[in-house]
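One structure below.
Throughout, read-outs are computed from the coordinates displayed, never taken from laboratory work. Keep in mind that this is a model prediction, so the values were computed, not measured. Please note: Cβ atoms are built from the backbone with ideal geometry, for glycine as well, and neighbour counts cover all protein chains shown.
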Amino acid sequence: MALILNIETSTKNCSVSIARNGEVIHSKEINDGNYSHAEKLHPFILDVLSEANVERNSLDAIAVSKGPGSYTGLRIGVSAAKGLCFSLDIPLISVDTLLSLAHSISVEDGIIIPMLDARRMEVYSAIYDKNYEQVREIKAEVIEEDSFNPFNEQKVFFLGDGANKCKEALNAANFNFVDGKFPSAIQMAKLSYDKYKKNDIEDVAYFEPFYLKDFIVTPQKKKV
């Protein structure tokens, strides 16, 4: 039996779940339109453990969404996960954020394109088939009308906060947009358990999130 705490902070959705053998037994998340992870994450972890009646020392691993996504959000999630792993002396598991997001829907045919909002018309995206096998690698890309023309002959399902802003640019008849989907610790549960069974774990001391792009600090304008 494996008890795994899953942490997802890559977007505005602050999400935590506790799972036994890949099955979620309790979860808590909030997406209030703000990045509230610094205030919400640690209380959520305590609440989930308490409400699931699980002691911290009973955990077998900590799983964290590794990105891409919000630089600050990923830092907060990974820092919390590392702290728990060090204090409890248990393994750290990382889960691809876009793969986890893809698992929030199932399709009988076609491809799944999860998208995370970057800036302006740029998104982080990857492409998966109906079995969640990766068809195209993760990219940071500026979305244009012809961005996904190679897939015009099959059904395409876009989801995530990055997809919402691309609806007008991507208007082919076979393009479908699934609303209200964000990366969640609920979808992480099965993925993290699969990795746990394979002993696919990270070096806690050296693990870093997958930012995909360098963090850019915009300097403040000097007051005149």
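Give, rounded to the nearest 20 debye, the magnitude of the charge dipole that the range 1-60 has about its Cα centre when Lys and Arg contribute +1 at Cβ and Asp and Glu contribute -1 at Cβ. Walk me through the intermediate numbers first.
On the way: 5 positive and 9 negative charges, 13 e Å.
Using Cβ point charges on Lys, Arg, Asp and Glu, the range 1-60 gives about 60 debye.
Mind giving me the nanometre distance, one decimal, between the label points for Ile25 and Ala172, set 7 Å out from Cα along Cα→Cβ?
4.5 nm
So if R0 is 30 Å, what FRET efficiency would Glu144 and Glu108 give, r being the distance between their Cβ atoms, rounded to the nearest 0.05?
Working: r = 29 Å, r/R0 = 0.96.
For R0 = 30 Å, the calculated efficiency reads 0.55.
With no solvent and one point per C-alpha, what does the Debye sum give as log10 I(q)/I(0) for the range 1-68 at q = 0.12, 0.13, 0.25 Å⁻¹?
So the normalised log intensities work out to -0.28, -0.33, -1.09.
Distance cut-off 20 Å, Cα to Cα: go down the list Lys28/Lys181; Lys40/Lys190; Lys139/Lys190; Lys66/Lys181; Lys66/Lys198 and report the pairs above it.
Those over the limit are Lys40/Lys190; Lys139/Lys190.
State to the nearest 20 debye the size of the charge dipole of the chain about its Cα centre, where the only charges are +1 on K and R beta carbons and -1 on D and E beta carbons.
Numbers: 25 positive and 32 negative charges, 147 e Å.
About 700 debye.
With a ≥ b ≥ c taken as the square roots of the eigenvalues of the C-alpha gyration tensor of the range 29-89, please select rounded if a/c is under 1.5 and otherwise prolate if a/b is larger than b/c or oblate if it is not?
Numbers: a/c = 2.42, a/b = 1.37, b/c = 1.77.
In terms of gyration-tensor shape, oblate.
Mind checking the full-extension length gain between Asn57 and Glu153? Use 0.36 nm per residue of separation minus the Cα-Cα distance, one decimal, nm.
Numbers: separation 96, 0.36 × 96 = 34.56 nm, distance 5.15 nm.
This chain segment gains 29.4 nm when fully extended.
Along the range 99-104, what does the Karplus equation 6.51 cos²θ - 1.76 cosθ + 1.60 (θ = phi - 60°) give for ³J(HN,Hα), rounded to whole Hz, x for Gly and Pro?
For the range 99-104, the Karplus curve yields 5, 4, 4, 4, 6, 7 Hz.
Going by average Cβ density within 10 Å per residue, which order do the peptides 60-72, 193-205 take, highest to lowest? Walk me through the numbers before you get to the answer.
Working: 60-72: 24.2, 193-205: 14.3.
Final packing ranking: 60-72, 193-205.
Could you tell me what a quarter of the Cα convex hull surface of the range 1-129 works out to, in nm² with one decimal place?
Working: hull surface 34.2 nm².
The number I arrive at for the range 1-129 is 8.5 nm².
May I ask you to order 148-158, 7-17 by the average number of other C-beta atoms within 10 Å around their residues, highest value first? Mind showing how you got there, number by number?
Working: 148-158: 15.7, 7-17: 27.5.
Highest to lowest by the protection proxy: 7-17, 148-158.
Whole-Hz ³J(HN,Hα) for each residue in the range 165-181, computed from phi via Karplus 6.51 cos²θ - 1.76 cosθ + 1.60 with θ = phi - 60°, x for glycine and proline: what do you get?
7, 9, 4, 5, 6, 10, 10, 5, 4, 8, 8, 10, 10, 9, 7, x, 10
With all distinct Cα pairs included, what does the Kirkwood hydrodynamic radius of the chain come out to in Å, to one decimal, could you say?
Working: mean 1/r = 0.0555 Å⁻¹.
Mean inverse Cα-Cα distance, inverted, gives 18.0 Å.
Each residue of the range 40-51 in turn: what ³J(HN,Hα) in whole Hz from Karplus with 6.51, -1.76, 1.60 and θ = phi - 60°, glycine and Pro shown as x?
Karplus values, whole Hz, x for Gly and Pro: 9, 4, 5, x, 4, 4, 4, 5, 5, 5, 5, 6.
Can you pull the one-decimal nm distance between simple spin-label points at Asp179 and Ser79, each 7 Å off the Cα toward Cβ?
3.6 nm
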